[in-house]
There are 2 protein chains.
Amino acid sequence: MTKVSSDFKVSVLQTSCRNCSLSSLCLPKDLVSTEIKELESIVSQLPPLNKHGHIFSQGENFSSLYVVRSGCVKKYQVDAEGNEQVNGFSLPGELLGIDAIGTGRYMSSAEALDTTSYCQLKYSKFEELCEKIPGLIKHILKMAGQELVAEHDIHKAISQKSIDERVAVFFTSLSTRLRILGYSGSEFNLPMSRHDIANFLGMQPETFSRSLKKLITDNLIDVNLKNIRIKDQDNLRLLAGHCETCPSNKVMNG
Amino acid sequence: MTKVSSDFKVSVLQTSCRNCSLSSLCLPKDLVSTEIKELESIVSQLPPLNKHGHIFSQGENFSSLYVVRSGCVKKYQVDAEGNEQVNGFSLPGELLGIDAIGTGRYMSSAEALDTTSYCQLKYSKFEELCEKIPGLIKHILKMAGQELVAEHDIHKAISQKSIDERVAVFFTSLSTRLRILGYSGSEFNLPMSRHDIANFLGMQPETFSRSLKKLITDNLIDVNLKNIRIKDQDNLRLLAGHCETCPSNKVMNG
DNA sequence: GGTGCATGTTGATTTTAATCAATGTCATCA
DNA sequence: TGATGACATTGATTAAAATCAACATGCACC
């Protein structure tokens with residue numbers, strides 16, 4: 001089977017931030033050459049993880065922030081009773097570990113859903129660098145803000161939207177994020193299981209499955225196992241409740 | 001009627017960060033005197049708002065972060081169809097506006113539920129100051145992280161927990177936050193309406209009302225209009241962490 | 001101190017999604 | 001390549017909460 005363009009993979013050969021295909025997402029704007037060098041000096045590109053490998057696990061001591069380079073990462077928490085809550089899915093360019101800065105421990109686990117490469121930023125060095133590179137503060141706060149907006153979106157979706165609407169929200173949001181990364185927004189392969197998506201969207205896997213069926217019969221999407229093809233973006237976004245002028249419908253981390 | 005200690009009010013007479021009763025929450029640790037002075041120079045204490053007054057409104061251009069000094073603030077978004085989603089309630093010491101840094105516009109509205117005083121931090125000046133005061137970056141990232149953790153908690157609650165459990169989560173969480181502020185964690189007055197709480201917790205007001213009744217008959221709380229008294233912290237917290245799918249808890253529910 | 005309106009509660013019914021149970025399908029690996 | 005187990009779908013039933021409708025209560029404003 002040939003890979004569609006949205007397998008969430010990028011080349012991982014380069015080791016420089018400057019040449020990284022994600023630099024427009026990952027780096028603050030308008031960095032001068034010396035600043036990029038300084039940033040590169042605190043960024044380590046770690047060996048790629050296989051499926052089920054963990055970038056970090058809930059409860060571990062916080063030391064570094066991470067940026068996804070390729071692949072897809074599941075963020076999740078497990079409570080005392082062993083129940084899992086999927087908090088979201090991180091795509092290339094997205095930052096992991098912000099919520100650990102305050103507590104000193106990772107509050108959630110970050111697991112590769114696929115072969116995943118990523119970069120490490122030692123936090124102690126990062127803090128120093130913030131004082132040297134002005135734009136860096138704004139950049140990380142911007143990324144934190146995006147995460148907050150995404151959380152509000154999913155809060156609203158689970159709180160107020162019907163099952164089919166939530167599924168539409170998931171696909172349209174994923175579609176938008178993939179397009180930003182340069183992939184097809186109309187056809188992509190899901191690296192996560194039905195179980196994980198359902199968990200994230202606050203429903204049972206059976207319910208998610210039935211909703212997929214509904215969206216197919218309504219001619220909004222086509223589904224072939226992991227492969228999703230969006231047939232009617234407009235009506236899918238309409239169902240999702242999407243509205244361009246509405247702040248709550250920006251890109252969502254899920 | 002005499003005020004109980006948890007009316008979320010603090011004296012608003014002082015104008016210095018140093019003497020502010022919230023300094024332990026609002027300021028980074030270990031600031032030297034000159035640093036506090038610099039911080040004070042960018043913090044303006046604005047005139048208090050009456051009930052329904054807005055600190056900022058969704059869509060307005062971002063310019064400042066705000067810290068609640070006294071009272072209680074409702075964070076909410078309204079979508080194109082006019083549906084409101086309550087994102088949360090901010091108590092004294094909590095920061096507002098982080099999610100606007102990245103987008104340049106406030107993504108939600110912040111409305112006083114009561115007479116509320118607050119401080120303004122011009123963001124442009126704040127960024128400059130971050131370069132001068134090392135701890136400031138960590139402090140704001142810590143507060144952003146706390147907000148993210150809170151969002152994950154509510155996501156999980158709405159996603160997985162039953163109605164009564166969600167209500168228990170709300171009360172125990174509020175109780176904890178009030179105690180940290182030095183108020184009673186076992187008796188307090190709710191500044192927000194049933195409608196707003198229900199909306200925040202992803203349920204209908206009728207359903208919230210019925211759940212309150214249930215918690216009262218189970219002897220976990222007492223309710224007198226806006227006044228809540230927690231009678232059995234232990235079991236309320238147990239309920240808040242309780243999970244449907246956990247076999248040991250299933251039997252007790254009947 | 002009424003009057004009117006917003007807020008909150010209660011009851012009956014319907015709708016929705018969870019649960020339970022069975023079956024189907026795919027990928028893995030001997 | 002066929003057996004195995006994880007993942008996914010489908011159907012029947014139950015449980016939970018939304019909805020609809022009526023009523024009660026408290027509060028703000030005359």
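Residue by residue, here is whether (1) among the β-branched types (Val, Ile, Thr); (2) within 24 Å of B:ASP234 (Cα to Cα); (3) in the same structural domain as B:LEU31 (by TED's automatic domain parsing) holds:
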residue: B:ALA100; (1), (2), (3): no, no, yes
residue: B:LEU121; (1), (2), (3): no, no, yes
residue: B:ILE133; (1), (2), (3): yes, no, yes
residue: B:MET143; (1), (2), (3): no, no, yes
residue: B:PHE171; (1), (2), (3): no, yes, no
residue: B:ILE180; (1), (2), (3): yes, yes, no
Exercise for review: Enumerate the pairs (first residue in the range B:200-211 and within 21 Å of B:ASP153 (Cβ to Cβ) and more than 8 Å from chain A (Cβ to nearest Cβ); second residue anywhere and among the aromatic types (Phe, Trp, Tyr) and within 6 Å of DNA strand D (Cβ to nearest atom)) with beta-carbon separation below 7 Å, excluding pairs fewer than 6 apart on the same chain, so at least 6 apart or on different chains.
Suggested key: none
Practice item. Please state which of the following conditions B:ASP153 fails to meet, knowing it meets all the rest: (1) facing another protein chain (nearest Cβ under 8 Å); (2) surrounded by fewer than 21 Cβ atoms within 10 Å (Cβ to Cβ); (3) free of Cβ contacts under 8 Å to residues at least 24 places away in the same chain. Key: (1)
Exercise for review: Could you tell me which residue of the range B:1-22 is modelled with the highest pLDDT, considering only residues that are small (Gly, Ala, Ser) and surrounded by fewer than 17 Cβ atoms within 10 Å (Cβ to Cβ)?
Suggested key: B:SER16
Exercise for review: Just give me the residues in the range A:211-234 being of a type in the set (D, E, K, R), within 14 Å of DNA strand D (Cβ to nearest atom) and open to solvent by less than 60 Å² (accessible area, probe 1.4 Å), in sequence order.
Suggested key: A:ASP222
Exercise for review: Would you please list the contacts, defined by Cβ atoms under 6 Å and residues six or more apart or on different chains, that run from a residue in the range B:185-198 that is hydroxyl-bearing (Ser, Thr, Tyr) to a residue that is more than 12 Å from DNA strand D (Cβ to nearest atom)?
Suggested key: B:SER186/B:ILE230
Check your understanding: With the range B:129-247 as the region, which strands (runs of 3 or more DSSP E) entirely inside it contain at least 2 residues that are within 12 Å of DNA strand C (Cβ to nearest atom) and out of contact with any His (no Cβ under 7 Å at 6 or more places or on another chain)?
Key -> B:221-224, B:227-230
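Select from the range B:69-93 the residues that are outside any strand (DSSP E or B) and within 13 Å of another protein chain (Cβ to nearest Cβ) and write down the one among them that is nearest to B:SER44 (Cα to Cα).
First, the residues of the range B:69-93 that are outside any strand (DSSP E or B): B:71-72, B:79-83, B:91-93.
Now restrict to residues that are within 13 Å of another protein chain (Cβ to nearest Cβ): B:79-83.
Details: B:ASP79: 31, B:ALA80: 34, B:GLU81: 36, B:GLY82: 33, B:ASN83: 33 Å.
So the residue we want is B:ASP79.
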Exercise for review: Tell me, please, whether a residue that is part of a strand (DSSP E or B), under 23 Å from the mean Cα position of the chain (by Cα), surrounded by fewer than 22 Cβ atoms within 10 Å (Cβ to Cβ) and not charged (D, E, K, R) can be found in the range B:101-113.
Suggested key: yes
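The values are calculated or read from the model by the stated rules, or taken from the named source; none is laboratory data. Since we're looking at a predicted model, the values are computed, not measured. FYI the Cβ positions are ideal-geometry reconstructions off the backbone, even for glycines, and counts take in every protein chain you see. Please note that ligands, DNA and RNA were not included when accessible areas were found on the heavy atoms of the full protein model with its side chains. Shrake-Rupley method; radii C 1.70, N 1.55, O 1.52, S 1.80 Å.
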